[in-house]
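Working notes for the structure below.
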Amino acid sequence: MGAHRTSLTAQLFRRMPVGRRPQTEGGLKRTIGLVQLVGFGVGATVGTGIFFVLTEAVPVAGPGVVVSFVIAAVTAGLTALCYAELAGSVPVSGSSYSYAYATLGEVVAMVVAACLLLEYGVSASAVAVGWSEYLNQLLDNLFGVRIPHALSYAPEADGVVNLPAMVLVALCAMLLIRGASESATVNTIMVGIKVGVLILFIAIAATGWNSDNLSDFAPFGVAGIQAASATIFFSYIGLDAVSTAGDEVKDPARTMPRAIILSLIIVSTLYVAVAVTAVAAQPWEDFEGQQAGLAQILEDVTGSTWPSTVLAAGAVISIFSITLVVMYGQTRILFTMGRDRMLPPIFARVNPRTLTPIPNTIIVAVVVAVIAGLVPLNWLLDTVSIGTLVAFMVVSLGVIILRRRAPDLERSFKVPLYPVLPLLSIAACLYVISGLALVTWIVFLIWVAVVLAFYFAYGFRRSTLRQDVDDEEVAP
């Protein structure tokens, strides 16, 4: 037995070594290249905000929602640079959970894990909820039929269950079980379609431009713009999704930073362009409660149903892509936590034939499907935003800490203007998060408390790092 036991504080803040876990037999397979990884980033992001978050954000900010998108884009951009540095320095799966584990310690990593479980699990459900709206729009335009209200909405929205959302989750789970490479290829095709559809929207909506719609630009002032930016931030989680794939990316130290930055450029450009043309083409008062909003705008501008049919089809494909990538990210975070023994070993079990974590994927699919089927969209968006923002702040802080603790570590990308940009990133996240409602904070803090209770009951004693220390102490 060693001379003394490690103190409680030291155990809580024990850090995973940087550069851990080389590829081992029975692990995940490196099959994802740069184009596919950019597809992951764009696939998880473009569409989430644009296709249905406008109906939540425009009534809060008015036409000033364009500024809300810019604020969210700048905040995400600052954080994306920090992600790019850590993705090149700590090129493993697990996203900001792994980064926090390597820089801030185990207990902080579990708080971040709580954020990521909110960010991915709840956002996958939220996106799936929106799928049914566009599916109904498409079916109505093509065949004149709609799925009954009782089977398209959660109980809180006067329905019984959102069945299309649950079917979507099941389809994504089946694809993820087949393999990461197959999922990435299908996603890349869907991303190409969705980007094309959004460019079509921008072109057509611009023909309905009415400057009068922009005259009352900020009806609720700065507070409205800030509140909308907090909700819109929900739509930038795709940048995080890139960093969940570290164990399956070819040459991750170089590929991941490039994919994050390229995804940010594509996403921000499309978001702002769509937001500007949308609020210029339709009075901001008409957005509230509007279903399949972008499709309706095109129908009003053209007086024809074909553009809205194309957009609705693009949205159906797009939201499938988002759900697929977000569920992928959730399973890989849980896989990493299972490998660290912070979760039961079933989460790290990989099928030897498909090289995918099948039990993990099934568990995620069941939870996401239940939430998507029974919980309305407006309950979900702000909860996702707070989880995302806290995780983003930890990543920015992690860059500063790792620069101090490991100044000579090889970095394939470095944040420019260090330490100004990481500090600005933290400040921007704090600004956006301050716009969230008190009830969102209460839900978030209760959730973090639940996750930490599980950590102290399970992960604290079983952690890989705890096991390593115990092995050293009993060694002769």
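The values are calculated or read from the model by the stated rules, or taken from the named source; none is laboratory data. None of the values given here were measured: they were computed from a predicted structure. Quick reminder, even Gly has a Cβ in these numbers, built from the backbone with ideal geometry, and neighbours come from all protein chains shown.
Could you tell me whether residue 269 is assigned to a helix (DSSP H, G or I) and touching a strand residue (DSSP E or B) at 6+ places or on another chain (Cβ under 6 Å)? Give the steps one after another, and end with the answer.
Values: assigned to a helix (DSSP H, G or I): yes; touching a strand residue (DSSP E or B) at 6+ places or on another chain (Cβ under 6 Å): no.
Considered against the rule, which asks whether it is assigned to a helix (DSSP H, G or I) and touching a strand residue (DSSP E or B) at 6+ places or on another chain (Cβ under 6 Å), residue 269 comes out as no.
Testing residue 128 on (1) modelled with pLDDT under 90; (2) surrounded by fewer than 23 Cβ atoms within 10 Å (Cβ to Cβ); (3) closer than 29 Å to residue 389 by Cα, one condition comes back false. Which one is that?
Here residue 128 clears every test but (2).
For every residue, the table says whether it meets (1) buried (at least 24 other Cβ atoms within 10 Å of the Cβ); (2) assigned to a helix (DSSP H, G or I).
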site: 301; (1), (2): no, yes
site: 304; (1), (2): no, no
site: 324; (1), (2): yes, yes
site: 328; (1), (2): yes, yes
site: 333; (1), (2): yes, yes
site: 342; (1), (2): yes, no
site: 355; (1), (2): no, no
site: 359; (1), (2): no, yes
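How about the range 381-476: which helices (runs of 4 or more DSSP H) wholly inside it have at least 3 residues that are at pLDDT 90 or above? Talk me through it step by step, then tell me what you get.
Details: elements: 381-405, 420-433, 438-454, 464-474.
The helices (runs of 4 or more DSSP H) meeting that bar are 381-405, 420-433, 438-454.
Between a residue in the range 435-462 that is under 29 Å from residue 232 (Cβ atoms) and any residue that is of a type in the set (D, E, K, R) and surrounded by 18 or more Cβ atoms within 10 Å (Cβ to Cβ), which pairs come within a Cβ distance under 8 Å, given they are 6 or more apart or on different chains?
As it stands, the answer is 436/382; 437/382; 440/382, since those pairs meet every condition given.
Restricting attention to the range 211-249, and to residues there that are of a type in the set (Ser, Thr, Tyr) and assigned to a helix (DSSP H, G or I), which single residue is surrounded by the most Cβ atoms within 10 Å (Cβ to Cβ)? First the steps, then the outcome.
Kept after step one, since they are of a type in the set (Ser, Thr, Tyr), are these residues of the range 211-249: 211, 215, 229, 231, 235-236, 243-244.
Remaining after also requiring assigned to a helix (DSSP H, G or I): 211, 229, 231, 235-236, 243-244.
On the way: 211: 7, 229: 28, 231: 25, 235: 31, 236: 28, 243: 35, 244: 29.
Among them, the one singled out is 243.
Answer with yes or no whether residue 204 is out of contact with any Pro (no Cβ under 9 Å at 6 or more places or on another chain) and farther than 30 Å from residue 157 by Cα. Write out each step before concluding.
Details: out of contact with any Pro (no Cβ under 9 Å at 6 or more places or on another chain): no; farther than 30 Å from residue 157 by Cα: yes.
So residue 204 fails the test.
If a residue has to be out of contact with any helix residue (DSSP H, G or I) (no Cβ under 6 Å at 6 or more places or on another chain) and small (Gly, Ala, Ser) to count, how many in the range 140-168 make the cut?
Of the residues in that region, 3 qualify.
Applying the selection to the range 182-210, what residues are among the charged types (D, E, K, R) and either over 22 Å from residue 324 (Cα atoms) or buried (at least 21 other Cβ atoms within 10 Å of the Cβ) (or both)?
Taking the range 182-210 as the starting set, the residues that turn out to be among the charged types (D, E, K, R) are 182, 194.
If the condition is that a residue be among the charged types (D, E, K, R) and either over 22 Å from residue 324 (Cα atoms) or buried (at least 21 other Cβ atoms within 10 Å of the Cβ) (or both), then 194 is the only one that fits.
What about residue 24, is it touching a Lys or Arg at 6+ places or on another chain (Cβ under 9 Å), among the β-branched types (Val, Ile, Thr), at pLDDT below 80 and surrounded by fewer than 24 Cβ atoms within 10 Å (Cβ to Cβ)? Quick ask: steps written out before the conclusion?
Values: touching a Lys or Arg at 6+ places or on another chain (Cβ under 9 Å): no; among the β-branched types (Val, Ile, Thr): yes; at pLDDT below 80: yes; surrounded by fewer than 24 Cβ atoms within 10 Å (Cβ to Cβ): yes.
Answer is no for this residue.
From the residues in the range 93-109 that are of a type in the set (A, V, I, L, M, F, W, C) and buried (at least 24 other Cβ atoms within 10 Å of the Cβ), which one is nearest to residue 16 (Cα to Cα)?
Our first condition is that a residue be of a type in the set (A, V, I, L, M, F, W, C); within the range 93-109, this holds for 100, 102, 104, 107-109.
Cutting the leftovers down to buried (at least 24 other Cβ atoms within 10 Å of the Cβ) gives us 100, 102, 109.
Values: 100: 9, 102: 5, 109: 10 Å.
Ranking the qualifying residues of the range 93-109, first place goes to 102.
Would you please name the residue that is farthest from residue 253 (Cα to Cα), looking only at residues in the range 399-447 that are aromatic (Phe, Trp, Tyr) and surrounded by fewer than 17 Cβ atoms within 10 Å (Cβ to Cβ)?
The first filter runs over the range 399-447 and keeps only residues aromatic (Phe, Trp, Tyr), leaving 413, 418, 431, 441, 444, 447.
Narrowing further to those that are surrounded by fewer than 17 Cβ atoms within 10 Å (Cβ to Cβ): 418, 431, 441.
Working: 418: 20, 431: 31, 441: 35 Å.
My answer is 441.
Given the criterion of a type in the set (Val, Ile, Thr) and without any contact (Cβ under 8 Å) to a residue 24 or more places away in the chain, identify the matching residue among 186, 127, 145.
Numbers: 186 fails: without any contact (Cβ under 8 Å) to a residue 24 or more places away in the chain; 127 fails: without any contact (Cβ under 8 Å) to a residue 24 or more places away in the chain.
Among 186, 127, 145, only 145 is of a type in the set (Val, Ile, Thr) and without any contact (Cβ under 8 Å) to a residue 24 or more places away in the chain.
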